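Okay, so here's the structure we're looking at.
The values are calculated or read from the model by the stated rules, or taken from the named source; none is laboratory data. Remember, it's a predicted structure, so these values are computed and weren't measured experimentally. Positions of Cβ are generated from backbone atoms using ideal geometry, with glycine treated the same way; all protein chains shown enter the neighbour counts. Side chains included, ligands, DNA and RNA excluded: accessible areas come from the protein's heavy atoms. Shrake-Rupley method; radii C 1.70, N 1.55, O 1.52, S 1.80 Å.
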Amino acid sequence: MDYTWGGLVRQYLYLPTATITAACLAAALTACGAENRETRADSEASAVPNHQPTDPFAGKSGAEIAAKAISTTAGAYSLRMKGTTPDTPSGLNTLDMVFTTAGTCAGTMGKTHAGSIQLIITYDTVYRKYDEGVLRAVGTKERASDVEAAVDLLAGRWAKTSTMSEEGRSYVKFCDLDLRMAAYEDTDTSTARRDGHATVDGTPAIKLSGVNGKDKFTLYVATKGKPYLLKLVQRPGGGKPKALTLSDFNKPLKTKPPTGDILNLDRPPR
């Protein structure tokens, strides 16, 4: 591990962008997504009788409904993505973020039962705060002295950098909703088939199921209001389901920048 100021900070600053990329959000047909136990995945999208008083998708095939949901969701200027991703080299595997098409975002990423990173990106500044648990969790392969130095420097303290810096530009790309939804729009939904109805966080939805190679996937599309994509569940090779929930479409990002003791990474101490 590079023990210089720049090397030490960069080791931890690049964690989110190396962990969760646009490719990881390419829809339930990819190996990425959010992983929960099957019971949780099923309870969050509880089954209801396979009929509703009206069918907003009458005459549409499952593939057509899926394509419509993706295009509608891609038209939102902001949304929230929440789930648990597969383990990555850095160890981060949870996500709860609000993204916008302006490249601003706010939320948390982390490691189950270990800790998290808070992230806020405004139009000109990237703010993030690591807790001690996540710094130690992602530093298990590093020298103990280096991990302690990172904990002393970063744990529990907001740090900032300009969106025009090298690190800042990578975070802006990470938060750009247009880039994320472009991956969805390239998804092949031709195998999607109607599979009854469900509710996702209280919103009625139509359930679509399909296969991609050895992987099975399920999409939940809102049947009330605009046909947004509400949830994606993937079962890779018969393994544990991976789920990603989308919500809060077109709601403004109200998070304010932090105040107080903020470490300015564009101006390292002399």
Do we find a residue being of a type in the set (A, V, I, L, M), crowded, with 21+ Cβ neighbours inside 10 Å and under 21 Å from the mean Cα position of the chain (by Cα) anywhere in region 187-197? no
Considering region 159-168, residues that are assigned to a helix (DSSP H, G or I) and over 18 Å from residue 98 (Cα atoms), and then whichever is most open to solvent (accessible area, probe 1.4 Å), we arrive at 166
Pairs please, first residue from region 250-266 and surrounded by 14 or more Cβ atoms within 10 Å (Cβ to Cβ), second anywhere and of a type in the set (D, E, K, R) and at pLDDT below 90, Cβ atoms under 8 Å, 6+ apart in sequence or on different chains. 265/167
Filter region 198-221 for residues that are within 21 Å of residue 98 (Cβ to Cβ) and free of Cβ contacts under 8 Å to residues at least 60 places away in the same chain; which is most open to solvent (accessible area, probe 1.4 Å)? 202
Taking the conditions exactly as written (modelled with pLDDT under 95 and of a type in the set (A, V, I, L, M)), does residue 208 satisfy them or not? no
Quick one: is residue 180 open to solvent by less than 60 Å² (accessible area, probe 1.4 Å) and either on the phi > 0 side of the Ramachandran plot or among the charged types (D, E, K, R) (or both)? yes
Answer yes if at least one residue in region 134-157 is farther than 30 Å from residue 200 by Cα, open to solvent by less than 40 Å² (accessible area, probe 1.4 Å) and either part of a strand (DSSP E or B) or of a type in the set (D, E, K, R) (or both), and no otherwise. yes
Of all the strands (runs of 3 or more DSSP E) wholly in region 198-270, which have at least 1 residues that are closer than 28 Å to residue 56 by Cβ? 203-212, 215-222, 229-235, 242-247
Hits in region 218-255 - residues which are of a type in the set (S, T, N, Q) and either more than 17 Å from the chain's Cα centre (by Cα) or modelled with pLDDT of 90 or more (or both): 218, 223, 245, 247, 250, 255
Note on region 117-133: residues free of Cβ contacts under 8 Å to residues at least 60 places away in the same chain and crowded, with 19+ Cβ neighbours inside 10 Å are 121, 126, 131
